[in-house]
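Below you'll find the structure, written out as structure tokens, and then a few comments.
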Amino acid sequence: MRSLIFTVLRNNLLQQSVKIQPSNWTNSLSCTTRDISTQLYPLLAGHSKWANIRHIKAAKDGQKSALFSRIARQIRLAIQDGGSADPNLNSELKSVIEEALRKNMPMATIQNNLKKFTASKTQLKKYRQDVRFKQKVFMVCTIYTDNFAQLKMDMSTILRKGGGVQIDAGHLFEDFGLIQATADKTRLGAGESLEDKATEDAIESGAEDIEVIDNESGSVHFICKPEGINGVRKALENKGYVVNNTEHIFTPLNTVTLTPEEKADYQKFVDKLKEIQGIEDIYDNIEVDEAE
């Protein structure tokens, strides 16, 4: 994989002066990455994380069940955070609705959710629960619910029957803000590549790392600190990007390999957890095969 490391000094950040250090690469995934490692962002200096993030997201996306329930929570959160049920006034809600349509959610269902959540006075809150499954697998569960006490009871029953326990796994994962966006390629200067433009925009917007997913469509992924997701998102939208998805993602510092039997056992456990209303995402430390 190609990795171009940028050292951007504080005193010339506004001039966008960068030092490029190329390394050997293999482009088996046809993606281009740039790591904008600055004194402002020591967390990611020297890291190569994109392959891990792709694997984690692929595994997590494969675990999704009750997709429309998940999208409905996202609509509710977008209304709650954006303060409006009008997608013309709430860019986050607009992005969620566009994603819902891409996932074949009927417009009537979207409209019903908009009406229901506009009238609702109950606020969803975000929680995190860490789990160890049978000594070997560690998990981070992100949760959005207005009844955390009930959810914990439901979760405890599944953990007890399935061989899981609640623990603190914070030291086993690192977390990032992931922003998936599409660039307006008409903004590219003469002879300017999408990679160069996205890197420039990332520096100005406060992102730490970029990956060009597809030059033809203009698909680009940005990484930032989790607490900076909303600010980076707004800055990118002001630069003409269409933000398709934002996510607080967790990647393991170390991974484990499971046997086919262990994988099957673990998948049953995850499927049970995903049945609980309010569990949004599950991240784990399982090594994902390239072929999967």
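The values are calculated or read from the model by the stated rules, or taken from the named source; none is laboratory data. The structure presented is a predicted model; accordingly, all values stated were derived computationally and were not measured. Reconstructed Cβ throughout: ideal geometry from the backbone, glycine too, with neighbour counts over all protein chains shown. Calculation scope for accessible area: heavy atoms of the full protein, side chains included, ligands and nucleic acids excluded. Shrake-Rupley method; radii C 1.70, N 1.55, O 1.52, S 1.80 Å.
For the pair region 134-155 and region 78-130, the centres of their Cα atoms are 23 angstrom apart. Largest to smallest in accessible area, the residues 197, 116 fall in the order 116, 197 (1.4 Å probe, all protein chains included). Using C-alpha pairs below 8 Å separated by at least 6 residues, the relative contact order for region 197-292 is 20 percent. In a simple Cβ point-charge model (Lys, Arg +1; Asp, Glu -1; nothing else charged), region 125-203 has a dipole of about 780 debye relative to its Cα centre.
For the listed peptides 138-149, 98-109, a ranking on the average number of other beta carbons within 10 Å per residue, highest first, reads 138-149, 98-109. Given their separation in residues at 0.36 nm each and the Cα-Cα distance between them, residue 168 and residue 156 gain 2.8 nm when the chain is fully extended.
Kindly state, to the nearest 0.05, the FRET efficiency for residue 259 paired with residue 67, given R0 = 30 Å and r defined as their beta-carbon distance. So the FRET efficiency works out to roughly 0.55.
For region 122-137, the Karplus equation 6.51 cos²θ - 1.76 cosθ + 1.60, evaluated at θ = phi - 60°, returns couplings of 7, 9, 6, 10, 8, 9, 9, 10, 9, 9, 10, 10, 6, 6, 10, 9 Hz by residue, with Gly and Pro reported as x. Solvent-accessible surface of region 156-271, taken per residue with a 1.4 Å probe and all protein chains present: 45 Å². Here's the picture: charge each Lys and Arg Cβ at +1 and each Asp and Glu Cβ at -1 in region 188-278, and of 205, 252, 190 the one pushed furthest to the positive end of that dipole is 252. Rounded to whole Å, give me the distance from the Cα center of region 228-256 to that of region 174-219. So the two Cα centres are separated by 12 Å.
If R0 is taken as 22 Å, the Cβ-Cβ distance between residue 135 and residue 99 corresponds to a FRET efficiency of 0.05. Between residue 127 and residue 204, the simple spin-label model (points 7 angstrom out along Cα→Cβ) gives 4.3 nm. Net charge dipole, region 138-292: roughly 680 debye, given to the nearest 20, about the Cα centre with Cβ charges of +1 for Lys and Arg and -1 for Asp and Glu. The packing ranking of peptides 182-191, 85-94, 167-176, highest mean first, is 85-94, 167-176, 182-191, where packing means the average number of other beta carbon atoms within 10 angstrom of each residue.
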